[in-house]
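What follows is calculated from the coordinates using simple rules that are stated; it is not laboratory data. Note that this is a predicted model, so its numbers are computed, not measured. Positions of Cβ are backbone-derived with ideal geometry, glycine not excepted, and every protein chain shown enters the neighbour counts.
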Amino acid sequence: MRRAVIIAAPLLAVAACTSSPPASQTTAAAPAPPTATRSTAAAPNVPPAPEPAADGPCPYLESAVVADANGQHVTKVRTSADKPEPACFFYRPDGSVQLTVRVYSGEPAVAKLIVDQAAPITSSNPASSPAGWTGGSMSTDKGAVYAVSKAGSAVVVTTNQEQTIKARRLTETVITNLGL
């Protein structure tokens, strides 16, 4: 019995010291654990998909390069009003768009979201060319897309061709031509 009292007395003393304060007392809120994330900033806004606004040429990709890579004659080029680099729309002889190039420069989070919208990470193949760029590539029911980002830049190429290699090569050309 004496042992029980000897062991129980210190435990009761410790429990009394660590009990919760009465509800009438105000205390500072405990800090969040390090693994919890708090964000007061709104999710980044992804700019809307570009639309053709003026006749070309494309300032960073020649029509002849597109024709060679995509395998179709280019009859017209239009550009968007986006700055600093417009999106470029390359048309085929029947008047339909055969290839579009979208270039984004700005916030890294937005660049990644643009890439994920074009080639969702959950359903596309990983893309990592050129070196240091990441994103996705995939064939779609309307052609193919190759989309990559690096830091605050994103390049998305969509083509009416099923082969992603064509979109990848043009993406690499755009990145080289713009010095990204």
Subset of the stretch 45-68 (residues that are over 25 Å from Arg169 (Cβ atoms) and surrounded by 14 or more Cβ atoms within 10 Å (Cβ to Cβ)): Val46
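Condition first: outside any strand (DSSP E or B) and either on the phi > 0 side of the Ramachandran plot or under 14 Å from the mean Cα position of the chain (by Cα) (or both). Now tell me which residues in the stretch 124-151 satisfy that. Spell out the reasoning first.
Initial filter on the stretch 124-151 (outside any strand (DSSP E or B)): 124, 128-133, 141-142, 151.
Within the stretch 124-151, Ser124, Ser128, Gly132, Trp133, Ala151 qualify.
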With respect to Asp68, determine if the residue is in a helix (DSSP H, G or I) and over 21 Å from the mean Cα position of the chain (by Cα). yes
When you scan the stretch 84-105, do you find a residue that is under 18 Å from Val174 (Cβ atoms) and without any contact (Cβ under 8 Å) to a residue 12 or more places away in the chain, even just one? no
Of all residues being assigned to a strand (DSSP E or B) and touching a Leu at 6+ places or on another chain (Cβ under 9 Å) in the stretch 152-167, which is surrounded by the fewest Cβ atoms within 10 Å (Cβ to Cβ)? Just the residue, please. Ser153
All-but-one check, Trp133 against (1) more than 22 Å from Pro47 (Cα to Cα); (2) without any contact (Cβ under 8 Å) to a residue 60 or more places away in the chain; (3) crowded, with 17+ Cβ neighbours inside 10 Å, failing number (1)
Sort out which residues of the stretch 81-103 are more than 23 Å from Glu162 (Cα to Cα) and buried (at least 20 other Cβ atoms within 10 Å of the Cβ), and write them in order of number. Glu85, Pro86
